[in-house]
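The values are calculated or read from the model by the stated rules, or taken from the named source; none is laboratory data. Nothing here was measured: the structure is a model prediction, and the numbers come from that model. A quick note on method: Cβ atoms are made from the backbone with ideal geometry, for glycine too, and the neighbour counts reach across all protein chains shown.
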Amino acid sequence: MRILLTNDDGIYAKGIEALFLALVEEHDVTVVAPETEQSAVGHAITWLQPLRVVSVNRNGMFFGHGLTGTPADCVKLALTEILTQPPHVVISGINMGANVGVNVIYSGTVSAATEAAVMGVPGIAVSIDSFDTRDFSAATEFIVTLLRTIEREGFPSGVALNVNVPNVPAGEIQGVRITHQGRMRCMESFDRRRDPRNHVYYWLQNTSISRDSDPSADSFALEEKHISLTPIHFDLTHFPTLESLKKWNLSMDRFQKNGKKP
């Protein structure tokens with residue numbers, strides 16, 4: 001398979017290197033990733049500045065293209081300018097830190113996969129539930145298996161897969177659960193500080209995490225040492241409410257031409 005590999009931790013991160021090494025023997029892998037860390041940028045794209053591309057070597061060999069942009073930028077530019085043939089799949093990761101619950105909205109890793117779906121290419125986001133692990137074997141083994149399954153079963157149009165892997169050795173993984181995006185979220189606070197010139201600034205910090213009690217949710221699966229596999233898509237429409245809104249009387253005929261209510 002032709003694979004485009006990206007992430008939000010940056011092209012020099014350990015996770016993307018581990019995934020590249022796991023895939024390159026069986027697949028044609030191209031790396032286009034942010035030159036610097038772009039965590040929690042969501043689906044942002046670069047609009048007011050030019051995008052620059054540099055060649056990046058790792059271990060004395062060409063590794064990929066580093067981009068001065070976001071994960072979504074990487075997918076857009078790779079598919080329209082850098083690649084000579086479209087990839088069969090875009091994989092984003094391996095991200096440090098789980099992307100589950102509400103955090104999916106903020107994730108640059110997930111947004112790269114959903115950008116692929118927007119552009120008509122299957123997208124996979126993969127994250128590990130740790131910020132300091134050096135063992136990516138469980139995640140890489142699962143992605144290799146998942147790709148073989150996709151080759152056999154196919155991939156639904158307009159959908160991305162969000163994969164989250166527990167931070168345990170591969171032998172301790174209890175299985176794979178097909179999950180939905182849960183409601184777990186970080187309860188943030190801000191640390192108020194002053195700089196040397198006595199100007200106030202704020203530093204975002206997480207103080208606690210709300211847990212999911214739903215066993216079919218993504219974060220619940222992680223806590224029980226299961227790999228979480230969640231199908232996601234970019235259509236944010238809430239269809240039950242859509243039908244309710246159609247019953248509202250919102251005709252502009254009720255407003256006067258000067259914009260004031262009657």
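Here are a few things to note about the model shown:
For every residue, the table says whether it meets (1) farther than 14 Å from P34 by Cα; (2) among the polar types (S, T, N, Q); (3) out of contact with any Pro (no Cβ under 8 Å at 6 or more places or on another chain); (4) buried (at least 18 other Cβ atoms within 10 Å of the Cβ).
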| residue | (1), (2), (3), (4) |
| --- | --- |
| G60 | yes, no, yes, no |
| P71 | no, no, no, yes |
| A112 | no, no, no, yes |
| S130 | yes, yes, yes, no |
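- Index of the failed condition, R197 passing every other in (1) part of a loop (DSSP other than H, G, I, E, B); (2) within 23 Å of the chain's Cα centre (by Cα); (3) modelled with pLDDT of 90 or more; (4) basic (K, R): (2)
- Wholly enclosed strands (runs of 3 or more DSSP E) of region 1-77 bearing at least 3 residues at pLDDT 95 or above, touching a His at 6+ places or on another chain (Cβ under 7 Å) and closer than 22 Å to H233 by Cα: none
- Residues in region 83-99 that are in a strand (DSSP E or B) and β-branched (V, I, T): V89, V90, I91, I94.
- Residue in region 148-179 that is farthest from S213 (Cα to Cα), counting only those that are of a type outside the set (V, I, T) and assigned to a strand (DSSP E or B): A160
- Scanning region 200-250 for residues that are in a loop (DSSP other than H, G, I, E, B), of a type in the set (A, V, I, L, M) and under 28 Å from V176 (Cβ atoms) turns up just one, L236.
- Any hit, region 133-142, residues being assigned to a loop (DSSP other than H, G, I, E, B), among the hydroxyl-bearing types (S, T, Y) and loosely packed, with under 13 Cβ neighbours inside 10 Å: no
- Whether a residue is at pLDDT 90 or above and farther than 15 Å from I105 by Cβ was assessed, and H233 does not pass this test.
- Comparison of G93, G15 shows that the only residue that is buried (at least 21 other Cβ atoms within 10 Å of the Cβ), of a type in the set (G, A, S), at positive phi and touching a strand residue (DSSP E or B) at 6+ places or on another chain (Cβ under 7 Å) is G93.
Let's see how each residue does on (1) of a type outside the set (A, V, I, L, M, F, W, C); (2) within 23 Å of K76 (Cβ to Cβ):
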| site | (1), (2) |
| --- | --- |
| V102 | no, no |
| T109 | yes, yes |
| A125 | no, yes |
| A138 | no, no |
| V163 | no, yes |
| P166 | yes, no |
| A170 | no, no |
| R183 | yes, no |
| R193 | yes, no |
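- Among (1) in a strand (DSSP E or B); (2) surrounded by fewer than 23 Cβ atoms within 10 Å (Cβ to Cβ), the one test that T80 misses: (1)
- Test result for T145, within 21 Å of L5 (Cβ to Cβ), in a loop (DSSP other than H, G, I, E, B) and of a type in the set (V, I, T): no
- Among the residues examined, F234 qualifies as within 21 Å of I124 (Cβ to Cβ) and aromatic (F, W, Y).
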